[in-house]
Every structure is written in structure tokens, then in C-alpha cells.
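Here, each number is a calculation from the coordinates, and none is a lab measurement. A quick note: this is a predicted structure, and the numbers were derived from the prediction, not measured. A quick note on method: Cβ atoms are made from the backbone with ideal geometry, for glycine too, and the neighbour counts reach across all protein chains shown.
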Amino acid sequence: MEKRIGVYAGSFDPPTNGHLWMIEQGTALFDEMVVAIGVNPDKRYTFSLSERLEMLRQVTVEMSNVRVASFENKFLVDYAKEAGAQYVLRGIRNGADYFNEHSMRNINADLKKEVTTVFLMPPREIAEISSSLVKGLIGPQGWREVVRKYVPAPVYRAILMNRLSELTWIRLWNSTGAKGDPRGVYSLLVEKYSEPHRAYHTFSHISHCLRELVAAKELADAGSLPKNFDAVELALYFHDAVYDPDRGDNEAQSAEFFKKVMSDGLSEALIEKVVRLILATRHTSVPKDDDAKLLLDVDLAILGAAPGEFDEYEQNIRKEYRSVTKEAFNRGREAVLRMFLERPNIYHTEYFRNKFEKSARENLSRSLAALSAAPK
């Protein structure tokens with residue numbers, strides 16, 4: 001008997017309990033359920049593609065017949081056909097959905113008559129839940145308890161982290177004396193870090209860096225670390241704003257982008273400081289500046305992550321270099337890993353050496369051994 005495969009697609013920005021209900025129903029209907037994020041390059045997203053993929057993986061982790069994927073610049077039925085699916089699953093929440101989905105079903109049938117559209121109607125208690133509704137509820141007093149009701153737990157945690165990053169940004173904006181609309185610049189940053197070619201250098205990386213900086217900041221009161229955190233935080237937000245694996249001047253372009261959108265209201269000294277810090281994230285030399293040492297250590301914290309998290313980081317770096325042949329990528333990656341391992345210390349501050357040096361060397365050595373053993 002032919003394996004029944006269904007595709008359930010959407011932007012999932014973010015996934016909701018309504019989406020989860022549809023996925024659960026799909027797992028019962030089909031032998032394999034492909035949950036796919038459709039990427040529209042012209043659309044602005046709150047969460048990056050990698051963040052949305054990770055949220056979907058977390059909410060479906062116990063569903064053995066679910067596969068999470070993404071596609072871009074394709075009709076849904078064309079993607080379904082490529083995925084080997086005979087069905088696409090769609091939800092109808094109200095009358096407006098019915099008319100839209102009715103028309104789309106007919107178009108899909110014209111394009112690929114062998115792919116059948118299956119409609120489901122969610123139960124009343126979740127029928128009105130949408131990603132737009134959830135995002136519209138964020139902000140007012142008491143929003144956390146309201147939003148918690150409409151999204152799975154992993155998604156709720158991701159929303160909290162996204163909100164924390166935005167609030168941290170607004171506090172930083174006010175602290176530096178910047179003029180204009182902080183949320184407008186924040187949206188520009190989110191847009192940059194949500195570019196579809198990114199897999200690791202997304203806003204998740206920035207959020208991770210900010211968490212490490214907050215943890216390290218607690219030592220500053222004792223004089224163990226530098227206290228120029230405004231410059232370090234600004235550099236963190238902007239250091240990967242421009243990222244193209246095929247270019248060699250990403251840091252310089254990121255510094256230019258910072259100057260373009262942040263010059264109004266900032267002192268020349270702060271602008272020059274942030275530019276120097278962004279350029280330091282090229283990691284080509286050992287910094288002498290204490291703020292740069294802190295920034296670089298925060299940026300490299302992922303190297304000392306738990307083995308599973310580090311392996312995912314390595315996989316995402318490879319995805320970003322998808323246009324490079326396996327042999328060329330392996331050679332370049334080996335050189336990078338050796339560069340860090342041959343240094344007396346990977347981390348420049350005592351705090352990060354104590355926290356990550358040992359695990360970082362273990363991760364890098366393991367990855368280097370795998371690359372060296374790969375067929376040439």
C-alpha cells in the first residue's frame with residue numbers, strides 16, 4: 001500500500017495552538033506529515049526562519065511521523081509533489097477562510113490535479129487563534145498570561161526571549177541618547193537577521209549573545225569586567241547585520257549599516273567605539289581592548305556549548321555555505337577550527353575561559369577530527 005504523505009504549510013510566525021491541532025490531526029490522517037514553512041522573501045517576519053523551524057521541531061518532537069521543512073519561491077502543490085506528498089492539509093476557521101481556501105483549492109487542482117486538498121475545521125475554542133492575533137496581544141499589561149493560553153510552551157518561551165530582546169534594545173536606545181524611533185530600527189535589525197539564507201547568524205544568535213552578556217555583566221560590579229556595556233551591546237546587535245557567506249567584508253558592511261541607522265543622537269566617540277568593536281568580530285587578531293575581549297568571548301560562546309547544541313551550530317554554518325562544494329567547505333572549516341585551537345586561549349577573559357575553554361576545545365577537536373576523516 002502506498003505511503004500516504006501530507007503537507008501542512010504556513011508561515012508559522014509564530015506557531016499557535018491552532019497550528020498544533022492541525023498538525024496533530026495530520027499525524028492521524030497520514031503516514032507522514034510534512035510541516036513546511038513557506039518563505040516569502042518580500043514579507044517581514046517577527047521570527048527568523050531558523051527560529052520558526054526550531055519552534056516547530058520542539059512542538060512536534062514526540063510526533064514520530066512528522067518532518068519539519070521549509071521551501072521558497074514555489075507553489076505549495078509543486079513543493080508537495082517534490083516532497084512525495086499526495087495531500088495538502090488546510091484549515092478553515094471562518095467564512096473568510098472558506099472563500100479563500102475554496103479558490104486556492106481550485107487553482108491547486110489546476111496546477112497539480114494528483115495532489116488532493118484536505119480541509120479541517122478546528123474546534124470552537126481555538127478557531128480564532130492566528131499568528132497575527134497572538135502578536136497583536138503582546139505588550140499590554142498582563143499580556144503574558146493571555147498569550148500563554150494560545151501557543152505551545154516552547155513558542156511561549158521564544159516569544160518571551162524575543163520580547164526581552166526588544167525591551168533590552170529600547171533600554172539601550174534610551175541609554176545612548178539615540179534619537180528617532182527605536183522600534184523602527186529594531187524592525188530593520190529583525191528583518192536583516194531574518195534573511196532566508198541565514199541559518200546560524202539569525203536573531204537567535206543575537207539573543208544568545210545578549211543572555212551571555214547579561215550573565216557576565218553581573219561580574220562587572222566587582223570590577224572583574226569592563227563597564228562600557230552600551231558600546232558592547234550596540235556592537236552585539238549590529239555585528240552580523242550584514243551577512244553574506246560569499247563576501248569577505250561583512251563586518252565592515254555591518255559597521256556602515258550601524259552608522260547609517262544609528263548616528264543621530266550618538267556621540268562621535270561612541271560611534272567610533274562601536275565601529276571598532278564590530279570590526280573586531282572578524283576574529284583575526286587578539287584584541288587589547290577590554291570591551292573587545294568581552295564582545296569576542298560572547299560572540300564565541302557557542303563554541304563551548306553542549307555537544308548537541310554545538311553540532312547544530314556546525315550544521316547551520318554548513319547550510320549558510322550551501323553554495324560551496326563539500327570539499328571546499330571542509331578545507332575552509334578545518335582552517336578556521338585549527339586557528340582557534342592553535343591559540344593559547346580561545347577566550348580572552350578569565351570569566352569565559354573558566355566557563356567555556358575546556359568544552360570549546362573538546363567541541364572543536366571533535367569537529368576537526370570529523371572533517372579530517374571525511375573523504376577528500
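Annotations for the structure displayed:
- Using alpha carbons only, the radius of gyration of segment 5-134 set against its Kirkwood radius gives Rg/Rh = 0.93.
- Tilt relative to the chain, helix 250-262 - C-alpha long axis, 0 to 90 degrees, to 10: 90
- Within the shell of other residues whose beta carbon sits under 11 angstrom from the beta carbon of residue 169, the net charge comes to +1, with Lys and Arg scored +1 and Asp and Glu -1.
- Average projection area in nm² (convex hull over Cα atoms of segment 56-96, one quarter of hull surface): 4.3
- Taken about its Cα centre, segment 184-373 carries a charge dipole of about 520 debye when Lys and Arg each add +1 at the Cβ and Asp and Glu each add -1 at the Cβ.
- Degrees, to the nearest 10: 17-29 long Cα axis against longest axis of the chain: 50
- The charge dipole of segment 130-212, taken about its Cα centre with unit charges on the Cβ of Lys, Arg, Asp and Glu (plus for the first two, minus for the last two), comes to roughly 200 debye.
- Entries of 192/319; 43/74; 135/179 with Cα pairs more than 21 Å apart: 135/179
- Neighbourhood charge, 13 Å Cβ-Cβ cut-off, centred on residue 106 and excluding it, Lys, Arg +1 and Asp, Glu -1: +2
- Convex hull of segment 98-247 built on C-alpha atoms - directionally averaged projected area, nm²: 14.5
- Comparing mean-square fluctuations of 236, 20, 111 from a GNM of the chain with C-alpha springs under 10 Å, the top value falls on 111.
- Rg/Rh for segment 123-186 (Cα atoms only, Rh after Kirkwood) is 1.08.
- Centre-to-centre, using Cα atoms only, segment 168-197 and segment 74-125 are separated by 37 Å.
- Among 303, 29, 53, the largest mean-square fluctuation in a Gaussian network model of the chain, built with springs joining Cα atoms closer than 10 Å, belongs to 29.
- Surface/4 estimate of mean projected area, convex hull on alpha-carbon atoms of segment 76-175, nm²: 9.2
- Partner lysines for residue 358 [C-alpha distance under 19 Å; skip if fewer than 8 residues away on the same chain]: 293
- Axis angle, to the nearest 10 degrees, between helix 268-280 and the longest C-alpha principal axis of the chain: 70 degrees.
- In terms of surrounding Cβ atoms within a 10 Å radius of their Cβ, 201, 208, 102 rank from fewest to most as 102, 208, 201.
- Just so you know, the Rg over Rh for the chain is 1.00, from Cα atoms, with Rh as the Kirkwood radius.
- Positive-pole candidate from 310, 287, 80, dipole of the chain, charges at beta carbon: 80
- Proximal aspartates and glutamates relative to residue 273, as straight alpha-carbon distance under 20 Å, when same-chain residues fewer than 8 apart are discounted: 230, 233, 240, 249, 251, 256, 264, 289, 290, 291, 297, 299
- Cleavage-rule hits (trypsin sites (Lys or Arg not before Pro)) in segment 38-116: DSSP loop, at most 12 neighbouring Cβ within 10 angstrom: 43, 44, 113
- Pairwise inverse Cα distances across segment 184-373, averaged and inverted, put the Kirkwood hydrodynamic radius at 17.3 Å.
- Computed about the Cα centre, the dipole magnitude for the chain is approximately 320 debye when only Lys and Arg (+1) and Asp and Glu (-1) carry charge, each at its Cβ.
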